[in-house]
Structure formats: C-alpha cells, structure tokens
C-alpha cells in the first residue's frame, strides 16, 4: 500500500492519534494532579470504575453512529470554550478548570467529528464530570458543612435513642468519650461515588425522565441520612464498648456497610417506582446498557464537513501553544526575608514563635510561614502568616473558613469590614466570630499578595489571574489574627484592629509588594 493510499484509508485514525498526543502534552500536568488526587483521596476512589463504564457505554453505542457530522460547528464552539478554559486555568493555577477544559475539548472534538449524533453518547460523556475532583477551596468548604450537618443529625438520632450527648461543632461529647467527626466522616466519601453510581443507574434504568432524575437526585439525601445514621451508630457503640469501636477495622467496616445500605436504598427506590408503574418483573428487566427510544433509530449517512474539524483542531493547537509558552516562561519570584527574623515585639505585645508539629507546612505547600503567640498582660493574639512563592502548583493559601469547623468551632457570623490603617489606606478583611462551648474568638484574615490586600478567597483568585497575565507573579500570603474574647466582642475587635495597624507595616520585607 502506497503512503497516499495509507493516509487516505487511515487518515481519521492518524488524526485521532496526533490530537491525543497533543492533548496529552498540553494537559499532562493537570492529568498528573488529577491522578494524584484520585489515588490519594478516598472520596474519588470511584473514578476508575466510572471511566471504565463510560468507555463501555460509548463502545456499546458505536454502531448507532452513522458517517457524517451535520451540526459540527456546535462542536467548534465547545472547543473554543475548552481553549479559553485551558488558558484561564493555567494562568489562575486552578487545575480543576484545566481538567474540565480537557473534558470540554474531548466533547467538542467528538461533536465536530460526528455532529449532532453526539447526543447518542452525550449522557455517558457526562459521567466524565464525576471524575474531576472539586477545587480544594470548594472541597474543603463542602466537607466542613457536611461534617456539621452530619454531626447534628447524628446527635438527633442519639437523642431519639435516649443517649445523652453534647455537640460542640463537629465534636460529639459522650461524657467519658469524645467522638470527633473528621473530614473522612463528612459523607463526601459516600456522596461522590453514590452520585456517580446514581447517574449510571439513571442512564440504564428504563423509565420516564422524571423518575430517572429523581433516582439521581435522591443520592444526596440518602447519603446525608445514612452518614448521620453511621455517626449515631458509632456513638452508640462507643458509648457501650469504648472508643475502639470508632477505630481500625470497625471504622472501615461500618463505612462499607453504610455504603452498601446506600446502594440498597437506591435499588429499593427504583423497585418502588416499578411497582407504582405496575411493573412486577425483576428490577434487572428494566435495566439496559443499549440505546432505546428515539436515539436507537438509525440515522442516514451524510457528508463529512472537514472545515469544522480543522477549525476545532486549530483552536486546540492555538490554546496549547499559549499554554506551553506560558509554562516555559520563568515566573517572577521577588527576593524577601524569611520569617526567622520577623519581630517578636510589636508595640506592647511580645511574641513567641512555634513550628507546625505534624508537618502541615508540607501539606499546605508553604514556602515559608510564621506562627506566633503575642501576649500583652493577660491578653493573647495568635498570628499565622503562610507564604507561597508560586501558586501555579495548584495549591493556594488555605482558607480558615475550611479548617475552623474541623477543630470543633462553629462560625457564628462572617463579614468583610474595612479596617482603616491610616488616613490614606483602608483594607478589607474577613472577620469571623466563632465559638466552641463557652469559648469565643474573633478571627481576622486577608490575603496579602503582590501589593494587594484581598478580603476573600474569590477576589484573591481573580487577582491571581490578572497578576499572572500582567506581571507574571503568583506569590503571596494569607495573614490570620485570632484573639479570644475575654471581656466582650467589641473590646476584642478594638484590640485586634489596634494590633493589625502595628503589624501591617512590618509585612513588606517578608511578603513583597
């Protein structure tokens, strides 16, 4: 076979191979980060199964797709959005955007190749969404809220069982024992896999669209209720048999048991729907991986329009070139002093610094940090400054809103007040009033980055994107001040603001403008 004949016969396969190689080269860092999180985080352990099912469903429907790509320009639009997502994700150091961009790029290219027939594999491709880990900010924040909700519901169940318990944030006090609902027990380890399984089940369940939608949406309340039931049962076992019931094999066995109960609840719901529809055959008879209904009707072949395919590939190549150029352009990292020399006397406040005890600085990917307790008479202020030289690794300064609930503290109120530093400058901070039992604290934090003072996580991300483009810098720090309420909240606020005004001028050598 001559070379021209080989290219003519296998042109589409060669094009697929070249495109796959290009996508792999450009998205490789995001794929590596994705792989790491899938391997390390239990809540994403379902991802390999979802990918296998997705490819199986697409392969099963391959014969229903006829030659031709009528409507291919819609795929070009999708590819354009994927290209924008790639560039924005690279510049803002948000790997999740890059990973979603890859899913959009695959969908867009598939649309240009098969046109509107994409609807035959659209639902299986939607499963790819459930393989992308949430951004750390959203993941940790959602986990904290789920911990609090699951803890509260678990305590209500314990009260119904006439077991006296006291709830402090996510810490369940059983008297002799204390049960802390950690991140692993938040319910996300069940929620994400069950939602993925629920969507797969909805795809293969032969029922009206409304019932299939209810099947999928019901995974959320099922997870929350079952996880709360698990926490309550752990509380019962701990109350009678000690804290060994919440550790080791028992802990993991309880987790697997509850997840299996979640699956049984999902199948029971589908069986109930069948009974309401007067279907009395086994549930398996209403499940099918094959296309049914209008999507199973064969489509007549049509001409293949090459222009949309070329346009989509051109967009991918253009965005890839921009991403590669940016990744190879050295980032500006300003010189700075380390926190070893940070003043331990600020006005009348005298401080003592201390290190992380459990290597948290490595987990947070900090370049440098300061932790210190400053005292004045019987008053104390805890200072934490976490600095990163680059945020392109995908890790950003950790938000206190995410970690405060994990320590058993409850956020009573949150606001963004302006703090007047002098006649010329006012900065906005996030102010939290938190409590745990009878203890109350006021927390101020803000993101001090590249000469900016940003009061919340979202403005920080927007500024990061702008500065990555404008000055090629992504360094910065989070500054957090925490003070116990010893008299009243107003006095604590006044003292914190006074301390902040004295601290702020000391920052530039350690967190460069």
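Laboratory data are not the source of any read-out in this text; all were calculated from the coordinates shown. Keep in mind it's a predicted model, so treat the numbers as computed, not measured. Cβ placement follows ideal geometry from the backbone for every residue including glycine, while neighbour counts extend to all protein chains displayed.
The mean sequence separation of alpha-carbon pairs under 8 Å and at least six residues apart, normalised by the residue count of the range 339-506, gives a relative contact order of 20 percent. For the peptides 376-388, 80-92, 448-460, residues were scored by their other Cβ atoms within 10 Å and the scores averaged per peptide; the highest-first order is 80-92, 448-460, 376-388. Once both labels are positioned 7 Å from their Cα atoms along Cα-to-Cβ, the gap between residue 486 and residue 204 label points is 6.4 nm. Peptides 468-480, 120-132, 201-213 ranked from most to least packed by the mean count of surrounding Cβ atoms within 10 Å: 468-480, 120-132, 201-213. Remark: spin-label model distance residue 305-residue 59 equals 3.2 nm, labels positioned 7 Å along the Cα→Cβ axis.
Estimated at 0.36 nm per residue, the fully extended path between residue 416 and residue 377 surpasses their Cα-Cα distance by 11.1 nm.
Per-peptide packing, taken as the mean over residues of other Cβ atoms within 10 Å, places 332-341, 222-231 in the sequence 222-231, 332-341 from highest down.
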